[in-house]
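Asker: The structure's right below; bear with me while I get my questions together.
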Amino acid sequence: MISFEGFTMLILLFILAPIIGAIALLFLFIFEKRIDLLENRNKKMELEKELQQSLYNQLNQQIQPHFLFNTLNVILSLARLKRNEELVRALEVLSQFLKFKYKTNEPMILLSEEIRYTEHYIEIQKLRFGSRLSISLTIHDQSIGLARIPPFVLQTLVENSFKHGLERKIGRAVLCIDFYRQQDLVILKVLDNGSMDPVADLALEKSGHGLDNIRRRLHLYFGERAKLHIQTIEGTGTEVLVEWPYLSTTDESGSPTAP
């Protein structure tokens, strides 16, 4: 025979069991919804990540034909002038550049590598301009070489300096490239003494395809912390200033992140 206390516990069990079961089901429902929400959020982030990577690759590829076209024009000019030694050297440098370029399939590279292959382009221009071209490249902080940067940023800026400035310059042509750090930022300054006339034509060309490509690629990785400024300095030339966060090779940066 069941005692009164046993009977009371049995009644409480029958009453509480459905309540406990309902609460457990409620928690399971909330937990399941939370998991679904996290999964959907992760899927959305992956889709955005893939979209940005695709956009980045598309932007990055826009640079290549432009450089090759300009370099082949330099080589053609040397051939027409029958400057055979310079022509052979230009082809050797172009070969070295292409060999390096087709090994560069990463969205971010060492700044030291960026400088190295840009020097191939500069050497071709030295062959073309001869003694009237003066170039300085100064690195004020050696740790900058370990910073990471999207490829073809420096090369595009240097290419623009020649195409839109120095090629119009009569007499001595000067190009100054400076790298330095300000706390956690890398600063790149490219200054040329190219012709500033006509002003309207310069403004149109200088803000064109190449610089817009750089802005967009930097923005994909660094968001609003990356900046690109261009200004005409009267009596001096054109200055392009680029800054972006210092990201060393020890940092994790496998692919573009949303700003």
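Readers should treat all values here as calculations from the given coordinates under stated rules, not as data from a laboratory. As the structure is a prediction and not an experimental result, all values here were calculated from the model. Here the Cβ positions follow ideal geometry from the backbone for every residue, glycine too, while neighbour counts run over all protein chains shown.
Asker: Pairs of lysine in region 63-245 with Cα under 18 Å and at least 8 positions apart or on different chains: total?
Answerer: 9
Asker: To continue, here is another question. What is the order of 99, 82, fewest Cβ neighbours within 10 Å to most?
Answerer: 82, 99
Asker: Normalized C-alpha radius of gyration of region 63-245, against 2.2 N^0.38 Å?
Answerer: Here the answer is 1.01, to two decimals.
Asker: Mind checking the full-extension length gain between residue 116 and residue 80? Use 0.36 nm per residue of separation minus the Cα-Cα distance, one decimal, nm.
Answerer: Fully extending the segment from residue 116 to residue 80 adds 10.1 nm.
Asker: Next question. Pop a pseudo-label 7 angstrom from the Cα along the beta-carbon direction at both residue 98 and residue 30 and give the gap in nm to one decimal.
Answerer: 6.5
Asker: While we're here: Note down the nm distance, to one decimal, between modelled labels 7 Å out along Cα→Cβ at residue 234 and at residue 170.
Answerer: My value for the distance between the label points is 2.2 nm.
Asker: Quick one: 3J(HN,Hα) in Hz for region 120-125, Karplus 6.51/-1.76/1.60 with θ = phi - 60°, rounded, Gly and Pro as x.
Answerer: 5, 5, 4, 5, 4, 5
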